[in-house]
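**Q** Handing you a structure now.
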Amino acid sequence: MNRRDFTKASLLAGTALITGASSSFAADPSPKRIRTGLIGCGSVSNQYLPQLTKSPFVEVVSLCDIKPERAKRQAERYHIEHHYPNIEAMLAGEPFDFLIDTTDMQQHEGINRRALEAGKHVWSEKPIANSLAAGQELLRLANGKNLRLWGAPITVQSPQFAFMARQLGQGKLGRVAAAHADYGHEGPGWSAFFYEKGGGSMPDLAVYNLTSLTGLLGPVKRVTAMVSIVTPERTVDDKGRIKVTEEDNAMLLLDHGNGVISHVQSGFNYFNPNGHNGSKETRHTISIVGSGGFMGLVGYDWEPLGVDLATKVSPILERHVTDAQGYIWQQGAVLAAECLATGKELLVTPEQALHVLEIIIAARESSRTGQHIALTSTFKWPIVS
């Protein structure tokens with residue numbers, strides 16, 4: 001079974017085990033369950049916990065949040081016995097093997113380091129760290145302790161990504177020349193961290209498109225970018241009126257080598273008639289063009305609805321892969337836990353996550369200096385399904 005088949009089968013297997021449906025995975029009535037703790041009981045935990053608590057490969061044993069009432073509330077809601085007010089108490093409390101980090105993005109680096117030092121496997125919401133050097137050190141730490149480190153997002157796991165990668169691999173678009181991707185909305189209103197140092201629209205939004213495009217077109221050689229702040233002050237729920245210090249508008253040009261150039265834009269000033277998250281988006285948010293064809297992803301890469309393809313051989317746009325086949329963006333930590341339980345692997349890798357982090361850092365440097373910024377990191381590519 002290859003890695004993509006594993007991802008699809010594991011999603012189906014989890015459903016079968018929960019519902020009692022028959023399958024080859026359901027033959028074992030007692031699959032290995034990974035003792036799991038989740039830190040960060042804010043909005044993202046509401047997306048993660050329903051998946052985690054239903055998975056036959058996960059046993060959520062503890063929750064943690066610096067606002068103890070949030071951890072208590074989620075523990076009661078999801079029937080989790082232990083909850084803690086900080087990472088130190090969590091690590092000293094109920095034993096577990098796998099930490100899921102859904103805290104504010106500025107906190108990921110420090111929490112991920114503490115967890116790895118304590119011998120825990122880690123799944124982190126994006127980004128894994130606040131700098132490339134720090135992220136690479138986390139990976140070295142994980143490898144040295146024989147631990148696993150993964151980072152969101154999981155866009156490379158979708159069947160739509162697989163289809164697009166397959167068309168490119170088969171040369172259906174001819175000589176690939178260019179790609180475009182975009183993701184934006186009017187900006188989160190519930191927390192200041194999106195707009196403070198270490199935040200910004202790139203690590204929150206562009207990270208999805210950057211993961212997809214580097215997965216499809218390969219690692220980036222150099223970055224040229226302009227970033228700006230369109231709305232210098234905002235009102236947010238947790239702090240009231242704040243000054244915006246990180247970019248809420250970004251345009252990136254990426255040189256993938258061999259003449260291939262892509263463009264990514266993201267921002268917190270984008271009106272979307274589909275609402276804040278753009279759910280059920282019907283336009284092409286990623287498009288790739290070559291000498292022999294065009295391909296467009298329908299919907300956002302975290303919730304893809306299909307892929308449109310036209311080539312010289314078949315020049316009328318035809319829609320493909322309209323079935324999600326069990327893929328949802330919230331499944332990343334569940335799939336990682338299943339990897340720990342079964343020994344299988346995901347297409348998601350920390351090396352790609354760190355490469356995307358370096359692109360974001362390079363974009364800011366390029367905007368500041370007006371220079372092309374060469375990258376030093378890479379990852380295994382093509383991503384083979």
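**Q** Of the residues Ser385, Ser314, which is touching a helix residue (DSSP H, G or I) at 6+ places or on another chain (Cβ under 9 Å), in a loop (DSSP other than H, G, I, E, B) and not assigned by TED's automatic domain parsing to the domain that holds Ser45?
**A** Only one candidate passes the filter, namely Ser385.
**Q** Now, a different point. How many of the residues in segment 138-155 are more than 22 Å from Asp301 (Cβ to Cβ) and either in contact (Cβ under 8 Å) with a residue 12 or more places away in the chain or assigned by TED's automatic domain parsing to the domain that holds Glu196 (or both)?
**A** Total satisfying the criteria: 8.
**Q** Filter segment 275-315 down to the residues that are polar (S, T, N, Q) and over 18 Å from His185 (Cβ atoms), then identify the one that is farthest from the chain's Cα centre (by Cα).
**A** Of everything passing the filter in segment 275-315, Ser314 is farthest from the chain's Cα centre (by Cα).
**Q** Mind checking whether some residue in segment 224-235 is touching a residue at least 12 places away in the same chain (Cβ under 8 Å) and touching a Leu at 6+ places or on another chain (Cβ under 8 Å)?
**A** Yes - at least one qualifying residue is present in segment 224-235.
**Q** Could you give every pair whose Cβ atoms fall below 6 Å, whose first residue belongs to segment 246-275 and is in the same structural domain as Ile361 (by TED's automatic domain parsing), and whose second residue is among the basic types (Lys, Arg) and assigned to a strand (DSSP E or B), counting only separations of at least 6 or pairs across chains?
**A** As it stands, the answer is Asp255/Arg222, since those pairs meet every condition given.
**Q** Within segment 290-310, restricting attention to residues that are in a strand (DSSP E or B) and among the aliphatic types (A, V, I, L, M), which residue is farthest from Gln325 (Cα to Cα)? Can you show your working first?
**A** From segment 290-310, those in a strand (DSSP E or B) are 290, 293-298, 306-310; that's our starting set.
Within this subset, residues satisfying the condition of being among the aliphatic types (A, V, I, L, M) are 295, 297-298, 307, 309-310.
Values: Met295: 20, Leu297: 16, Val298: 16, Val307: 14, Leu309: 19, Ala310: 23 Å.
That would be Ala310.
**Q** How many residues are buried (at least 18 other Cβ atoms within 10 Å of the Cβ) and either more than 22 Å from Met105 (Cβ to Cβ) or among the aliphatic types (A, V, I, L, M) (or both) if we restrict to segment 45-61?
**A** 9
Listed here are the residues, each with its yes/no results for (1) polar (S, T, N, Q); (2) touching an Asp or Glu at 6+ places or on another chain (Cβ under 9 Å); (3) in a strand (DSSP E or B).
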| position | (1), (2), (3) |
| --- | --- |
| Leu210 | no, no, no |
| Leu216 | no, no, no |
| Val227 | no, yes, yes |
| Thr235 | yes, no, yes |
| Leu252 | no, no, yes |
| Ser266 | yes, yes, yes |
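**Q** Would you mind finding the one in Gly200, Gly135 that is surrounded by 23 or more Cβ atoms within 10 Å (Cβ to Cβ), closer than 26 Å to Ile229 by Cβ and not assigned by TED's automatic domain parsing to the domain that holds Val264?
**A** Gly135
**Q** Please indicate, with yes or no, whether at least one residue in segment 105-120 is in contact with a His (Cβ under 9 Å, 6 or more places away or on another chain) and outside the structural domain of Ile286 (by TED's automatic domain parsing).
**A** Taking segment 105-120 first, the residues in contact with a His (Cβ under 9 Å, 6 or more places away or on another chain) are 115.
Retained after the next criterion (residues that are outside the structural domain of Ile286 (by TED's automatic domain parsing)): 115.
Within segment 105-120, one or more residues are in contact with a His (Cβ under 9 Å, 6 or more places away or on another chain) and outside the structural domain of Ile286 (by TED's automatic domain parsing).
**Q** A follow-up question, please. Scan segment 282-290 and give yes if some residue there is more than 20 Å from Gly174 (Cβ to Cβ) and crowded, with 20+ Cβ neighbours inside 10 Å, otherwise no.
**A** yes
**Q** Sort out which residues of segment 300-334 are touching a residue at least 40 places away in the same chain (Cβ under 8 Å) and either under 16 Å from Lys126 (Cβ atoms) or of a type in the set (Gly, Ala, Ser) (or both), and write them in order of number.
**A** Tyr300, Asp301, Trp302, Gly306, Ala324, Gly326, Trp329, Gln330, Gln331, Gly332, Ala333, listed by residue number.
**Q** Oh, and also: Can you confirm whether segment 173-188 contains a residue that is more than 30 Å from His276 (Cα to Cα) and surrounded by 18 or more Cβ atoms within 10 Å (Cβ to Cβ)?
**A** Yes, because at least one residue in segment 173-188 is more than 30 Å from His276 (Cα to Cα) and surrounded by 18 or more Cβ atoms within 10 Å (Cβ to Cβ).
**Q** Would you kindly identify the helices (runs of 4 or more DSSP H) lying entirely within segment 66-122 that contain at least 1 residues that are loosely packed, with under 15 Cβ neighbours inside 10 Å, among the hydrophobic types (A, V, I, L, M, F, W, C) and on the phi > 0 side of the Ramachandran plot?
**A** Working: elements: 68-77, 87-92, 108-117.
Those helices (runs of 4 or more DSSP H) do not exist here; none qualify.
**Q** So, one more: Return a yes/no flag: does segment 289-311 have any residue that is charged (D, E, K, R) and closer than 30 Å to Ile39 by Cβ.
**A** Looking through segment 289-311, at least one residue is charged (D, E, K, R) and closer than 30 Å to Ile39 by Cβ.
**Q** Evaluate segment 241-249: report whether one residue or more is surrounded by 15 or more Cβ atoms within 10 Å (Cβ to Cβ) and closer than 30 Å to Ala162 by Cα.
**A** Within segment 241-249, one or more residues are surrounded by 15 or more Cβ atoms within 10 Å (Cβ to Cβ) and closer than 30 Å to Ala162 by Cα.
**Q** Every residue in segment 332-351 that is surrounded by fewer than 24 Cβ atoms within 10 Å (Cβ to Cβ) and not in a helix (DSSP H, G or I), please.
**A** The answer is Gly343, Lys344, Glu345, Leu346, Leu347, Thr349.
**Q** Between residues in segment 101-117 that are polar (S, T, N, Q) and residues that are in a helix (DSSP H, G or I) and crowded, with 17+ Cβ neighbours inside 10 Å, which pairs lie under 7 Å by C-beta distance while being six or more apart or on different chains?
**A** Pairs found: Thr102/Ser45; Thr102/Tyr48; Thr103/Ile111; Gln106/Phe193; Asn112/Leu138.
Matching residues to (1) under 30 Å from Ile316 (Cβ atoms); (2) assigned to a loop (DSSP other than H, G, I, E, B); (3) of a type in the set (S, T, N, Q):
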position	(1), (2), (3)
Leu173	yes, yes, no
His180	yes, no, no
Phe193	no, no, no
Asp204	no, no, no
Pro219	no, yes, no
Glu246	no, yes, no
His256	yes, no, no
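The values are calculated or read from the model by the stated rules, or taken from the named source; none is laboratory data. The model shown is predicted, which means the values in this text are computed figures rather than measured ones. In this analysis, Cβ positions are derived from the backbone assuming ideal geometry, glycine residues included, and neighbour counts consider all displayed protein chains.
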